[in-house]
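K.L.:
The structure is given below, and queries will be raised subsequently.
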Amino acid sequence: MPKHSATPFLRRKSTLAAGATGIVLVVGAGLTLSQASAGQSAAPRLPAADASFDYQIGAAYTPPKGVKAVSRDRSDRPARGLYNICYVNAFQAQPDALGWWQKNHPDLVLRDTAKRPVLDEGWGEALLDTSTVDKRNRLAEVVGDWIKGCARSGFQAVEPDNLDSFSRSGGRLNQAHNVAFAKLLADRAHAEGLAIGQKNTAEMLSDRTKIGFDFAVAEECGRYNECGDFAKAYANRVFVIEYENAGYDRACSAWGSKLAIVQRDLDVSAAGARGYRYRAC
């Protein structure tokens, strides 16, 4: 499998450190609250295959005409009337949230032999420590509250990012650790009435049923020739984001009639901003 971590291709905005507490703002009238208390959650609603899509984790804006599904940061409000996927950075701490983790859960930050946080160098993000059952359970309490916030805000699904953090851990984490943590997140998402998407990490496709993933969000699967693997695993319930022209063209040529494929700019900018780019097959 290609080592995606060699090139920083995951595009996300910086979330306020205060957001690390799990608080999500609910903005505007008419947002649907999740019936998340025990025994009251509705069955998760899965996205339709080939639902036209926009990837807005960098900044929310009015979706292009015809878009039926959108992914947005958990701090943003869902798009009214669309299928909304909530972006959660579940396996790493964003730079402006590291202080919160250091203060409140210092032992849940993965550390090297000198006790320094182990970083995803491409994004300057500290890896979270999924290496033990106890740590995974405590991490799941924190991230689970974020997922609950997604449901209460009116999202229909969640995409936990950096599932492949073990590949950047210098051997301190392994795939099994992240599979086990992902299962805790999937269980929580389903308990809150949300579907959950596998974010990238094609090497975990064989674990999808064990974990409980319902669909996929695949960045640059055209570039890395992985779209077919995701399509087969998820019966075409795959949202594809490409950043380079060649990858976009390849994905559209092979899968444009079956999968939801978009090209975005590297900063996933808002419409009207300098550098904004959006096109769909």
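K.L.:
Amide H to amide H under 5 Å from Val158: which residues, 5+ apart in sequence or cross-chain, H placed 1.01 Å off N in plane?
P.N.:
Amide H neighbours of Val158: Cys86, Ala195, Ile196, Gly197.
K.L.:
Quick check for you: with a 1.4 Å probe and neighbouring chains kept, what is the accessible area per residue of the chain, in Å²? Could you put the intermediate results ahead of the total?
P.N.:
Values: 11890 Å² over 281 residues.
Accessible area per residue, the chain: 42 Å².
K.L.:
Which ³J(HN,Hα) values in Hz, rounded to whole numbers, follow from the phi angles of the stretch 166-172 under the Karplus curve 6.51 cos²θ - 1.76 cosθ + 1.60, where θ = phi - 60° and Gly and Pro get x?
P.N.:
4, 6, 10, 9, x, x, 6
K.L.:
For Asn89, list long-range residues whose amide hydrogen, built 1.01 Å from N in the peptide plane, is under 5 Å from its own amide hydrogen.
P.N.:
Asp161
K.L.:
Which one, Cys86, Leu128, Ala231, projects farthest toward the positive side of the charge dipole computed for the chain from Cβ point charges (K/R +1, D/E -1)?
P.N.:
Of the candidates, Cys86 comes out farthest on the positive side.
K.L.:
Something else: Find the centroid of the Cα atoms in the stretch 116-163 and in the stretch 189-220, then give the distance between the two in whole Å.
P.N.:
14 Å
K.L.:
Another question, then. Of the heavy-atom accessible surface of the chain (probe 1.4 angstrom), what whole percent is carbon and sulfur?
P.N.:
The computed percentage sits at 52.
K.L.:
Can you report the principal axis dimensions of the chain using only the alpha carbons, biggest first, rounded to whole angstrom?
P.N.:
Principal-axis extents of the chain (Cα, largest first): 48, 42, 39 Å.
K.L.:
In addition: Per residue of the stretch 214-230, what does 6.51 cos²θ - 1.76 cosθ + 1.60 with θ = phi - 60° give for ³J(HN,Hα)? Whole Hz please, x for Gly and Pro, Karplus curve as stated.
P.N.:
So the J values, rounded to whole Hz, are 10, 7, 9, 10, 10, 7, 6, 6, x, 4, 9, 6, 10, 4, x, 5, 5.
K.L.:
So, one more: Round to the nearest 10 and report in Å² the accessible area of Glu219, as given by a 1.4 Å probe over the protein chains' heavy atoms.
P.N.:
Rounded to the nearest 10, the figure is 0 Å².
K.L.:
Which whole-number percent gives the relative contact order of the chain, counting Cα pairs below 8 Å spaced six or more residues apart? Before the final figure, lay out each step's value.
P.N.:
Values: 592 pairs, mean separation 60.9, N = 281.
Relative CO of the chain lands at 22 percent.
The values are calculated or read from the model by the stated rules, or taken from the named source; none is laboratory data. Bear in mind that the values here come from a model prediction, so they are computed numbers and not experimental data. Note: ideal-geometry Cβ built from the backbone for every residue, glycine included; neighbour counts use all protein chains shown. In case anyone asks, the SASA skips ligands and DNA or RNA and just uses the protein heavy atoms, side chains included. Shrake-Rupley method; radii C 1.70, N 1.55, O 1.52, S 1.80 Å.
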